[in-house]
Amino acid sequence: MTTTSPAVTKASAGSPQKRTIVLLFAGLMVTMLLASLDQTIFSTALPTIVGELNGVDHMLWVTTAYILASTIMLPVYGKLGDLIGRKGLFIGAIALFIVGSVIGGMSQDMTWLIVGRAVQGLGGGGLMILSNAIIADVVPARERGKYMGVMGGVFALSSVAGPLLGGWFTESIGWRWAFWMNIPLGILAIVSAVVFLRLPKKEQRLPRLDFAGMGLLAIASTSLVLVTTWGGTTYDWDSAVILSLIAATVVAAIAFVMVERKAVEPIMPLKLFKDRNFNLTTIAGLIIGIAMFGALAYLPTYLQMVTGANATQAGLLMIPMMAALLVTSIISGQLVSKTGRYKWLPIVGTAIVAVALVLLSTMTPALPVWVLCSYLAVMGIGLGMSMQILILIVQNSFPVSQVGTATASNNYFRQIGASLGSAIVGSLFVARLTELLADRMPAGASASSGSSNSFTPAIVKALPGPVRDVIVGSYNDALTPVFLYMVPLVLVAVVLLCLVKEKPLATSIEDEAVVNSLEIDGADSVVLTQGTTVAADAADDDLTGNPSDTARRSAEDDEREGELVTPRL
């Protein structure tokens, strides 16, 4: 089959000026701060919130509802951004996020709190993914590392500020301000987007949306998370409800694949999975999501209940991890932009995450605080070296016209991992905690201490010593073994990342668009000028001034599957 490609010319608009990129980047940072703060601000406030609303047994849904809603929306925002442009979607996502904050701030019971978090997630899913895609619109892959490193640093900074703010709100003006604060931040983010975002114009046409794919993806995602959330706790694993949800997950997933094969504009094009790097980084990202969110979702609760720290102190104890993540994320991005080498970073980083999980599994109530903080710092180092680099690898494998869809699809599976991690760890933790408290609580202690559903750090701290020791020990013994369960899974991710093919990073948006578009169309060779044919993988070397690798890459091209396609100019 023969395909046609446009001539290799520079975009008429030229590259954006640096000042424009800086202003645009500042607007994106405000938005990322908004979204990432909301992922962490409830961590230290959560024990008090669920205690006041009498919903400890629904605690995991405060986290899971947000993650699940944002996960479902990721491919939607990614695909729509590629089709109709990102600016309008970006502003709409921020507005939806503000609406969810109002609902959560006004909630009087756990049901409305969870609804508010879900609405926040519907908007929050667009904030992160559109920010990453917008950077890819204006910054070439070779220079993108330093920007994405700073993005990872913003996440780390907010992860420190979030728990601190959550703790301060809880102990002073009230936890509802964790929602109210999003309103002025959201308005500032909208103003920044309106003023600073100047993106390339998209072709004005009515897109043919993949509604069937969107619906089936939502059904599959929701059913899967419900299985992991309810299985073994709310319902037995062999109950009709769980078996029905498993069946719904499988059927919806199969139907989704069938629909995507025929859709005109598939929400998650199956041709993405023909790229080896996409597959490897997607699976690795899913595993990292399980480990990261599974571990971090309940660490602040652990710190408050086991060490006796209040909400603010628990936030401060998370600083070593986030400071390490901040520093390593920025340094990693700078190294990638300077050297063009990136493969080793996520490999080493993921291995360090595995070491951190082993260390966390050894925690005890008597462990010195400084030792615990050092374990958290190790986790931060590993995450800082891997998270943003995986996104860069995916973006470097696809053209600018598809970067939103590719980035969103990759992040979808990472978020599925986050949903599974939070749900699985939460289910195991709550089930084991309930069992241990039932076995260990002294006779008559339940009447004096109240229901385990209403335990807050303050209540536990005020209990008699023997009862408090039982509760503290139960929290420790319920959570720490779960960290060890995740280690083999993370080691699998290390092996997969070793198989990633390190492709040269494009040095201009034009190079990236032309070469990668030929790759994604399945072209093994391309005519750059009349009578000159080079391999598609090698074309990037020619365009970026690195011809020394052409011979080596041509040999690799001989082994690639598929027919030889020579596009005509």
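Tell me, which helices (runs of 4 or more DSSP H) wholly within segment 272-352 include 1 or more residues that are of a type in the set (S, T, N, Q) and modelled with pLDDT of 85 or more? Give the steps one after another, and end with the answer.
Working: elements: 276-296, 299-307, 311-317, 319-339.
Qualifying helices (runs of 4 or more DSSP H): 276-296, 319-339.
With respect to residue 362, is the statement that it is outside any helix (DSSP H, G or I) and either β-branched (Val, Ile, Thr) or not assigned by TED's automatic domain parsing to the domain that holds residue 130 (or both) true?
Numbers: outside any helix (DSSP H, G or I): yes; either β-branched (Val, Ile, Thr) or not assigned by TED's automatic domain parsing to the domain that holds residue 130 (or both): yes.
The answer is yes for residue 362.
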Enumeration of residues in segment 224-262 that are closer than 23 Å to residue 76 by Cα and charged (D, E, K, R): 260, 261, 262
Count of residues meeting criterion [of a type in the set (Gly, Ala, Ser) and either closer than 12 Å to residue 475 by Cβ or free of Cβ contacts under 8 Å to residues at least 40 places away in the same chain (or both)] in segment 289-308: 1
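Yes/no matrix, rows are residues, columns are (1) at pLDDT 75 or above; (2) in the same structural domain as residue 297 (by TED's automatic domain parsing); (3) assigned to a helix (DSSP H, G or I):
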{"residue": "46", "(1), (2), (3)": "yes, yes, yes"}
{"residue": "82", "(1), (2), (3)": "yes, yes, yes"}
{"residue": "103", "(1), (2), (3)": "yes, yes, yes"}
{"residue": "108", "(1), (2), (3)": "yes, yes, no"}
{"residue": "123", "(1), (2), (3)": "yes, yes, yes"}
{"residue": "126", "(1), (2), (3)": "yes, yes, yes"}
{"residue": "129", "(1), (2), (3)": "yes, yes, yes"}
{"residue": "135", "(1), (2), (3)": "yes, yes, yes"}
{"residue": "143", "(1), (2), (3)": "no, yes, yes"}
Residues being surrounded by fewer than 24 Cβ atoms within 10 Å (Cβ to Cβ), under 17 Å from residue 267 (Cβ atoms) and of a type in the set (A, V, I, L, M, F, W, C) - total across segment 81-104: 3
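Return the total of residues in segment 251-271 being under 30 Å from residue 344 (Cα atoms) and outside any loop (DSSP other than H, G, I, E, B). Talk me through it step by step, then tell me what you get.
Here is the first cut: in segment 251-271, the ones under 30 Å from residue 344 (Cα atoms) are 268-271.
Filter once more, keeping what is outside any loop (DSSP other than H, G, I, E, B): 270-271.
Here the count works out to 2.
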Residue within segment 432-446 that is in a helix (DSSP H, G or I), modelled with pLDDT under 70 and either touching a helix residue (DSSP H, G or I) at 6+ places or on another chain (Cβ under 7 Å) or surrounded by fewer than 23 Cβ atoms within 10 Å (Cβ to Cβ) (or both) present: yes
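The values are calculated or read from the model by the stated rules, or taken from the named source; none is laboratory data. Keep in mind that what you see is a predicted model, and the values were worked out from it rather than measured. We place every Cβ from the backbone using ideal geometry, glycine too, and count neighbours over all the protein chains shown.
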